[in-house]
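Structure first, commentary second.
The values are calculated or read from the model by the stated rules, or taken from the named source; none is laboratory data. Note that this is a predicted model, so its numbers are computed, not measured. Glycine also receives a Cβ, built like all others from the backbone with ideal geometry; neighbour counts cover every protein chain displayed. Accessible surface is based on the protein model in full, side chains and every heavy atom, while ligands, DNA and RNA are left aside. Shrake-Rupley method; radii C 1.70, N 1.55, O 1.52, S 1.80 Å.
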Amino acid sequence: MIGLSKHGRIGGEGIAVRADINVTSLVDVAFTLLVIFMITAPILQGGVEIAVPKAPAAPLQVSEGIVVSVDRDGQIFLDEEPVTREEFGAFIGPAVREQGGATVYVKGDAQASYGEVLWVIAKLNEAEIETVSLIAQPELDR
């Protein structure tokens, strides 16, 4: 019959029972999650990463809405999906109405053609979208 001896050993001569916690794997998981959050935080901003121009503007928290981006080559992105001019004109109105009249945020690259950004704003006007915000990089006080 196997039992615990008064010294905490199984059968009197076996392996001692220890109640240690291995924290190495816990630390590995914590660091992995930290790296994942550091990488994904900028992505959660919305839209494609472009260099927006600086302007005297207050910081903006984009929580709901659709982000339309125009990169330096004139490519239009609806959130993160590249679209043609025809697709943009056809999809933007129904997409905004589907979200209950959400705000549309326009991000134009600092090197983008003024005409391309203006064309996007005109299409938003044609689609009778009421709330449009232009995104700029806030200037630092001099």
Can you pull out the residues in the range 96-121 that are under 13 Å from GLU64 (Cα atoms) and either touching a residue at least 60 places away in the same chain (Cβ under 8 Å) or among the aliphatic types (A, V, I, L, M) (or both)?
-> VAL96, ALA102, VAL104
Residue within the range 115-122 that is at pLDDT 85 or above and in contact with a helix residue (DSSP H, G or I) (Cβ under 9 Å, 6 or more places away or on another chain) present = yes
Among residues belonging to the range 66-106 that are in contact with a Ser or Thr (Cβ under 8 Å, 6 or more places away or on another chain) and among the aromatic types (Phe, Trp, Tyr), point out the one that is farthest from ILE135 (Cα to Cα).
-> PHE77
Search the range 122-137 for residues that are in contact (Cβ under 8 Å) with a residue 24 or more places away in the chain and within 11 Å of GLY65 (Cβ to Cβ) and pair each with any residue that is open to solvent by less than 30 Å² (accessible area, probe 1.4 Å) and part of a helix (DSSP H, G or I) when their beta-carbon atoms are under 7 Å apart and the residues are at least 6 apart or on different chains.
-> ILE129/VAL96; VAL132/LEU124
If you go through ASP71, ASP79, the only one that is modelled with pLDDT of 85 or more and among the charged types (D, E, K, R) is ASP71
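If you go through the range 64-111, how many residues are open to solvent by less than 40 Å² (accessible area, probe 1.4 Å), assigned to a loop (DSSP other than H, G, I, E, B) and among the aliphatic types (A, V, I, L, M)? Spell out how you get there, then give the answer.
The initial filter retains those residues of the range 64-111 that are open to solvent by less than 40 Å² (accessible area, probe 1.4 Å), namely 65-71, 74, 76-78, 83, 88-89, 92-93, 95-96, 102-109.
Applying the additional criterion that residues be assigned to a loop (DSSP other than H, G, I, E, B) yields 65, 71, 74, 102-103, 109.
Retained after the next criterion (residues that are among the aliphatic types (A, V, I, L, M)): 102.
Number satisfying all stated conditions: 1.
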With criteria (1) in a helix (DSSP H, G or I); (2) modelled with pLDDT of 85 or more; (3) of a type outside the set (D, E, K, R), LEU44 comes up short on (2)
Per the filter on the range 10-41, residues outside any loop (DSSP other than H, G, I, E, B), open to solvent by less than 100 Å² (accessible area, probe 1.4 Å) and at pLDDT 75 or above are THR24, SER25, VAL27, ASP28, VAL29, ALA30, THR32, LEU33, LEU34, VAL35, ILE36
